[in-house]
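To start, the structure itself, in structure tokens.
Read-outs: derived from the displayed coordinates by stated rules, not from any lab. What you are looking at is a predicted structure, and each value in this text was computed from that prediction instead of being measured. A quick note on method: Cβ atoms are made from the backbone with ideal geometry, for glycine too, and the neighbour counts reach across all protein chains shown.
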Amino acid sequence: MYAPPPRITAEVFARLPDALRKPTRGGEWFSHQPAMGQHHSVLEGPSFDAKGNLYCVDIPWGRIFRIDPQGNFTVVAEYDGWPNGLRIHRDGRIFVADHKHGIMILDPDSGTVTPFLERTRIERFKGVNDLYFGSNGDLYFTDQGLTGLHDPTGRVFRVRASGEVDCLIDNVPSPNGLVLSLDEKVLYLAVTRANAIWRLPFSDDGTVAKVGNFIQMTGGGGPDGISLDAAGNLAVCQIGMGALWLFNPQGEPILRVDSPSGRQTTNVAFGGPERRTAFITECEEGVILKAELPHPGRPMYSGF
């Protein structure tokens, strides 16, 4: 439908050291991931703290890493869990979407991981995946489990700052990354098995209505983590394609960022001056990629 957008290639910012790479494949998580060939790590959930350190998770091995501005890895926590997503609250607390346990909180000083929300209405989650905070402190998260087109029962929840828990939608075939629009009137949702980005507009009472398919993608394994740049463009990691796509607010592709190392691009966080640098987790090779995105006013974004 659209012409191919301009392409740039990312560079490797940091590589998981050999000493931290697991030598053998094993564990329950891997047994349900037939397409996952590597065993050393599965990096996901990048998020920056106030000091400029980048945190990310290692799903099957229950590890959380801190990467300093020079690209050095430190193990902050290693515990019995499957951390899948990570976000740092404005008050400094580190929230983790743990597929095995639910929503957890990490103390970065002690490495202790404690429960925040393990169930709703006494029911366990299918397997939480990713999370995002609104400016008012509301927490949004996806409950993906093993859902897909064969079982479109994935859910999106909101935990209000007051503590009230709402299920916003419960018929999603594999909900994954999520992010609010700049005005926070719309929630964008990566639907991995449908290879699509859904658009969930909010009504005045906070419920969602007129949910629609915003972007239909093809190829790869589907969209995984998503984020917004400072101009409101939607960044989408397409796992299996080795690419980060940038779409303008109308859903038109305006840039493709290619991975120089591995095709399993899982998630993205923006940092650097004006938040124009994309830091991308790539789990096939166990690296963090880095790409400087052009300013929206430059010719690459002509027509926007």
Checklist outcome for this item: Rounded to the nearest Å, the spacing of the alpha-carbon centers of region 278-292 and region 107-148 is 24
Checklist outcome for this item: Within the chain, excluding any trypsin sites (Lys or Arg not before Pro) found in a DSSP loop (not H, G, I, E or B) and having at most 12 other Cβ atoms within 10 Å, the longest uninterrupted segment runs 211-304
Checklist entry - Just how far, in whole angstrom, is region 183-254 from region 1-30 if you go by their alpha carbon centroids? => result 21
Checklist entry - Under the classification rounded if a/c is under 1.5, otherwise prolate if a/b is larger than b/c and oblate if not, where does region 15-90 fall, given a ≥ b ≥ c as square roots of the Cα gyration tensor eigenvalues? => result prolate
Next on the checklist: Please compare each pair in LYS51/LYS290; LYS22/LYS51; LYS126/LYS290 to a cut-off of 27 Å on the Cα-Cα distance and tell me which ones are over it.
Outcome noted: LYS22/LYS51; LYS126/LYS290
Checklist entry - Given charges of +1 on the Cβ of Lys and Arg and -1 on the Cβ of Asp and Glu, with all other atoms neutral, how large is the dipole of the chain about its Cα centre, in debye to the nearest 20? => result 380
Checklist entry - What nm distance separates the two modelled labels at LYS185 and ASP91, each placed 7 Å from Cα along Cα→Cβ? => result 3.0
Checklist entry - Among rounded, prolate and oblate, which fits region 18-167 when a ≥ b ≥ c are the square roots of the eigenvalues of its C-alpha gyration tensor, a/c under 1.5 means rounded, and a/b larger than b/c means prolate? => result oblate
